[in-house]
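Student: Pasting in a structure now, in structure tokens, and then I'll have a few things to ask.
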Amino acid sequence: MIPETLKRGNSTRGALSRERDVREAYSAHSGELYGFAVRSLGDAGLAEEAVQETFVRAWRAGERFDPKIGSLRTWLFAILRNVVIDLGRARAVRPGVAEGGIEPSVEPLEEALLSWQVEEAMRRLGEDHRRVIVETYYRGRPYAEVAEELGVPEGTIKSRVYYGLRALRVVLEEMGYED
Amino acid sequence: MKTRNDCRDWRELLGVYALGQLEGDERAGLEAHLDGCAHCRAELALLEPVARMLPHADPERFESAPQPPPELGARIVAKIAGERQQVEKLRHRRRLFGGFALGGATAALAAAVLAIFVLGGGGGGQPEQHVKFTAVPEGINIYASLEPHAYGTEIRMYVHGVASGTLCTVALRGPGGAAYPAGTFRYRVGDDSEAVLSSALDLSRTRAVVVRAGNKTFVAPVGRAPIAAITQDQEEPT
């Protein structure tokens, strides 16, 4: 008799059932997951722990993943979010560590997620667009000065800011951002 | 300054405007245009939430993202493989005892993952063997799994249904019938744990597991049959 589970070998459910699936999911998403974990936990060691725990939990709950509901990436991020909350809580109760700064409550985590999203989106932006936004917005430099430095008309810098924000929105949407 | 009659010219100022950095005539001109241009208002509505997100980011982090250490992936796969083995043991016992010996949560875990690990068995490494004891009377359950090691064989034992406190002595028997002691344990009512024992006999040379529980002796032949064939015999009736 063939076990029921083997008959369903080609099923799309059970996203991380096999080691190969885990490896594939890891190579596709670990960079982002790790980046967010570092951003929210502020510690590389804890971030590794968080990413590991995320994949283990995803494997345990693999049968519950349904691609019709959302992407694997979204699902992994949802798990990581919970893991980060758990690790933040665990750290908060350890004396001497909590004072250093990780808030265990949910609000700073949302803030960290937002920060990470914008930073990741900026990293994916084209160099021209990123540069004008950094120089004019973050560094507060005059448009004329930036234009001269880059050797283009001031109007071009202004339009680049527009196209840059447009592109940033597209990247954020690709990453799951919604208004 | 060039004249801005074209909607597109105004639109290209929307980014600077959304960042709150448009000043003077340009600002006044754009605002007048926005009053009469639904298209540019809609465009601005797309940019404003993005502009509001910018203060949350740290520009020092735009250059490079932190990368996970190269060995993390392998560590995760290894951890999952280890957990899969544990689940397999649980599941095996659950099959043998119909879930009797397992707490609800553990049984649920075993059931939930039951579907998962069967496909993942190709992970390499030497598998443990589950053995079946012959001539076990009604009411007694006895189970062992054997795992090969460099030092010999690890034996995980579980006995249920004999009198509480019964001394159980375990040995492996080699090809010539020689016994290699593996140790002793006691069964206690309500104890759900496995006894972990070891014997110096290589699993490849092991022909039988012999358990003496009180005045009864149970023997499980150790063959080279694949695990699938063994578990198949023990399929619960449907």
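Since every read-out is calculated from the coordinates, none of them should be taken as a lab result. Keep in mind the model is a prediction, meaning the values are calculated, not measured. Cβ: placed from backbone, ideal geometry, glycine included. Neighbour counts: every protein chain shown.
Student: What does the structure give for A:126-139 when I average, per residue, the other chain Cβ atoms found within 10 Å of the residue Cβ?
Tutor: 3
Student: How high is the relative contact order of the stretch A:125-179, in percent, counting Cα pairs under 8 Å that sit 6 or more residues apart?
Tutor: On the way: 32 pairs, mean separation 20.9, N = 55.
Answer for the stretch A:125-179 is 38 percent.
Student: Return the distance in nm (one decimal) between the two label points of a simple spin-label model at A:LYS68 and B:GLU83, each offset 7 Å from Cα along Cα→Cβ.
Tutor: For A:LYS68 paired with B:GLU83, the spin-label model returns 2.6 nm.
Student: I've got another one for you. Residue by residue through the stretch B:161-167, which ³J(HN,Hα) values in whole Hz follow from phi under the Karplus form 6.51 cos²θ - 1.76 cosθ + 1.60 (θ = phi - 60°), with glycine and proline marked x?
Tutor: The phi angles translate into x, 8, 4, 4, x, 4, 7 Hz.
Student: Modelled label-to-label distance, B:ARG186 and A:GLU145, 7 Å Cα→beta-carbon offset: nm?
Tutor: Those two pseudo-labels are separated by 8.3 nm.
Student: Right, something else. Determine the dipole magnitude for the stretch A:120-179: charges of +1 sit on the beta-carbon of Lys and Arg, -1 on that of Asp and Glu, nothing else is charged, the reference point is the Cα centre, and the result goes in debye to the nearest 20. Please report the intermediate quantities before stating the final value.
Tutor: Values: 10 positive and 12 negative charges, 12 e Å.
About 60 debye.
Student: How big is the gap, in Å, between the Cα center of the stretch A:40-96 and the Cα center of the stretch B:4-83?
Tutor: So the two Cα centres are separated by 27 Å.
Student: How do B:SER64, A:SER30 rank when sorted from fewest to most other Cβ atoms within 10 Å of their own Cβ? Show your work: numbers first, answer last.
Tutor: Numbers: B:SER64 7, A:SER30 21.
Listing B:SER64, A:SER30 from fewest to most nearby Cβ atoms yields B:SER64, A:SER30.
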